[in-house]
Each structure stands twice: as structure tokens, then as C-alpha cells.
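*Asks:* Just passing along the structure, written as C-alpha cells.
Where a number appears in this text, it was derived from the coordinates with a stated rule and is not lab data. The shown structure was predicted, so the numbers you read here are calculated from the model rather than taken from an experiment. Neighbour counts run over all protein chains shown; Cβ positions are idealised from the backbone, glycine included.
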Amino acid sequence: MTPYRVQLTGPVQVTAPDGSVMALSLREAALLGWLHVEGPTPRARVAGLLWPEGTESQARANLRQTLSRLRRSVGELVADDEGVLVLATDAQVLIDESKPLLSPLEFDALPEFAQWLAAQRESSQRARERQAMEAGQRCLDEGDLDGALAAADHLLQSQPENETGWRLRMEALYRR
């Protein structure tokens, strides 16, 4: 059977094993993104994170409704194991590494989640920059100046203020 496909960048959506596609609401996307990155999480933690404005009982009720809506739409994507939520074992999470997690969504109404997401996005961005720099440095070391320039240009295209990218570019041009 085809696994669940959870797309957490671009059009944030879930494709069920039967092929049906469901666009995710803001909080559904937040729930799935959190469970993907953080793993199994107590229901109370998720409820408080996604519904910070109300009472604890309101937050728990909202979480129950969200889980019920997901279950009706795509099936058992989120399992509840004795009060701990976890993504289904057959869920295949798809993330376009060139885009920030849960983009293009913004979570201003969920301050703690927004802060967590900003840290996740920044960490991913730094990892992508580090990989691009390592690839560019390898190209320089191997004498592949065109490859080094391409790596520097790719890095500078997404972050024109990146000093390390400019250094890589200047070194490649100097050696050329």
C-alpha cells in the first residue's frame, strides 16, 4: 500500500494512501511539522503550543477536533499512543530542501510555535550554506574553478550578504 505523503514545503498538503489530497490548515500543518521534527510529543504540549490563547480545556478540545478532521480526511496519519502524538510509521515526509520548512505559511498567531519554527528555518538555512561552502571549497581544492564559482553564485543568489560566499567567489576568480 502507498504510504501517506506529507508535503511540508510549497503547497503544504497530505496525500493519503488512497490518493486523495488534502490541503492543510495552518494548525494542521504546524502539528505535522512539529511531529516530523520533534517526534513523539504529549498531547498537552501540542495543544498548548497550537492554541495558546485559550484555556487548557479549549486547547485540548481544539486538538481533538483537528485530529478528528485529519482522521476523516486522510485516515490514521497521527497516532495517539497513551497521550503521546506521533506521525504514522508509514508517513513519508517530503521537504524541498531549497525552501524553508512549512513555507509559505506564517504563524504569527502562534508565538511559541513561530519562534521554534524560525529557529528550525535558520538552522536549515545554515546547514544549506555550510554544504554549499564545502562543495565550493572542494571544487577549489580540486582545481574546478567553474564549479567553485557556481557554488559561490548559488550561495550568493539566496543570500547576497553572505561574506563567506563572496570570499569563495573572489578566491575562485583570483585563481582563474
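*Asks:* When you take every Cα atom in the range 104-165, what is the radius of gyration, and what is Dmax, the widest Cα pair distance, in Å?
*Replies:* That works out to 15.3, 50 Å for Rg and Dmax.
*Asks:* Report, to the nearest 10°, how far helix 56-74 tilts away from the longest principal axis of the Cα atoms in the chain, using its own Cα long axis and a range of 0 to 90°.
*Replies:* It is inclined by approximately 80 degrees.
*Asks:* Among 148-160, 102-114, how do they line up from the highest to the lowest mean number of other beta-carbon atoms within 10 Å?
*Replies:* Details: 148-160: 17.5, 102-114: 15.2.
Most protected by this proxy first, the peptides run 148-160, 102-114.
*Asks:* State the label only: which of (i) 8, 29, 29, 17, 10, 6, 1, 0; (ii) 8, 26, 27, 23, 12, 3, 0; (iii) 10, 31, 25, 17, 13, 5, 0 corresponds to P(r) over Cα pairs in 10 Å bins from 0, in percent computed from the shown model?
*Replies:* Comparing each candidate, only (iii) matches the computed number.
*Asks:* Using only Cα atoms and rounding to the nearest 10 degrees, what angle (0 to 90) does helix 163-175 make with the longest principal axis of the chain?
*Replies:* Tilt relative to the chain: about 30 degrees.
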